[in-house]
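Report on the following structure.
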């Protein structure tokens, strides 16, 4: 069995703010794997799993997609309300004849909700120096493990989130986090 360096998810970071601002964190220009979590203050649940070569640059892209309603919009109190469904599915999910008008109408309806959603997200980041294929494999393996082994904890992880685990490599990775995150195992076989 092959081992790779442990993953340590630092955070939580936020899209905005002072002390926790992602742009000001020491990993802003690092490659790694990140988790978006939603919380009720007591429990954290994975909402998104991603990988990147530059943490800040990738989140600038995410911010553009959230503000532009390309991504779905979720309740900021989703965990306490036990409601994983999007308020608005996002343009990428909209297969109607006029997704542009739908996005504008939903922006007018939900612009304050967009900011509240952004403020509700907690972001954790695990820097890693592994190659791109391994990093993408780890991203997909974390997502698959969440869905397969922890269906209750995957409640806030949208079923149409796309991650692609590669073929199992026989690698064992240990995982730590600054905060407990439900559905994130301490050891993962990838």
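The values are calculated or read from the model by the stated rules, or taken from the named source; none is laboratory data. Owing to the predicted nature of the structure, the values given are computational and were not obtained by experimental measurement. Every residue, glycine among them, receives a Cβ derived from its backbone with ideal geometry; neighbour counts consider all protein chains shown.
Just checking, does segment 165-176 include any residue being exposed (fewer than 13 other Cβ atoms within 10 Å of the Cβ) and under 22 Å from residue 123 (Cβ atoms)?
Scanning segment 165-176, I find at least one residue that is exposed (fewer than 13 other Cβ atoms within 10 Å of the Cβ) and under 22 Å from residue 123 (Cβ atoms), so the answer is yes.
Can you tell me which condition residue 30 does not meet? The list is (1) touching a helix residue (DSSP H, G or I) at 6+ places or on another chain (Cβ under 9 Å); (2) under 22 Å from residue 67 (Cβ atoms); (3) outside any helix (DSSP H, G or I), and all the others hold.
In the conditions (1) touching a helix residue (DSSP H, G or I) at 6+ places or on another chain (Cβ under 9 Å); (2) under 22 Å from residue 67 (Cβ atoms); (3) outside any helix (DSSP H, G or I), residue 30 misses (2) alone.
In segment 157-190, what residues are free of Cβ contacts under 8 Å to residues at least 60 places away in the same chain, over 14 Å from the mean Cα position of the chain (by Cα) and in a loop (DSSP other than H, G, I, E, B)?
Across segment 157-190, the qualifying residues are 164, 165, 166, 167, 168, 185, 186, 190.
Give segment 26-45 a look and list any residue that's farther than 25 Å from residue 133 by Cβ and either modelled with pLDDT of 95 or more or within 16 Å of the chain's Cα centre (by Cα) (or both), or say none.
Scanning segment 26-45 gives 26, 37, 38, 39, 43, 44, 45.
Filter segment 122-156 for residues that are part of a loop (DSSP other than H, G, I, E, B) and closer than 23 Å to residue 53 by Cα and give the result.
Correct list: 128, 129, 130, 131.
With the requirement that a residue be in contact with a strand residue (DSSP E or B) (Cβ under 6 Å, 6 or more places away or on another chain) and closer than 24 Å to residue 163 by Cα, what does segment 23-38 give you?
Hits for segment 23-38 are 27, 30, 32, 33, 34, 35, 36, 37, 38.
Give the number of residues within segment 1-25 that are at pLDDT 95 or above and surrounded by fewer than 12 Cβ atoms within 10 Å (Cβ to Cβ).
0
If residue 110 meets every condition in (1) outside any loop (DSSP other than H, G, I, E, B); (2) in contact with a strand residue (DSSP E or B) (Cβ under 8 Å, 6 or more places away or on another chain); (3) surrounded by fewer than 19 Cβ atoms within 10 Å (Cβ to Cβ); (4) at pLDDT 95 or above apart from one, which number is that one?
Status for residue 110: all satisfied but (4).
Of all residues in segment 57-81 being more than 18 Å from residue 119 (Cβ to Cβ) and modelled with pLDDT of 95 or more, which is nearest to the chain's Cα centre (by Cα)?
58
Filter segment 121-138 down to residues that are at pLDDT 95 or above and within 14 Å of the chain's Cα centre (by Cα) and give me whichever is farthest from residue 20 (Cα to Cα).
126
When you go through 93, 144 one by one, which is the residue that is modelled with pLDDT under 95 and within 15 Å of residue 157 (Cα to Cα)?
144
Among the residues of segment 118-129, which ones are crowded, with 18+ Cβ neighbours inside 10 Å and in contact with a helix residue (DSSP H, G or I) (Cβ under 7 Å, 6 or more places away or on another chain)?
123, 125, 128
Can you pull out every residue in segment 64-90 that is assigned to a helix (DSSP H, G or I) and either touching a strand residue (DSSP E or B) at 6+ places or on another chain (Cβ under 6 Å) or buried (at least 18 other Cβ atoms within 10 Å of the Cβ) (or both)?
Selection gives 66, 78, 79.
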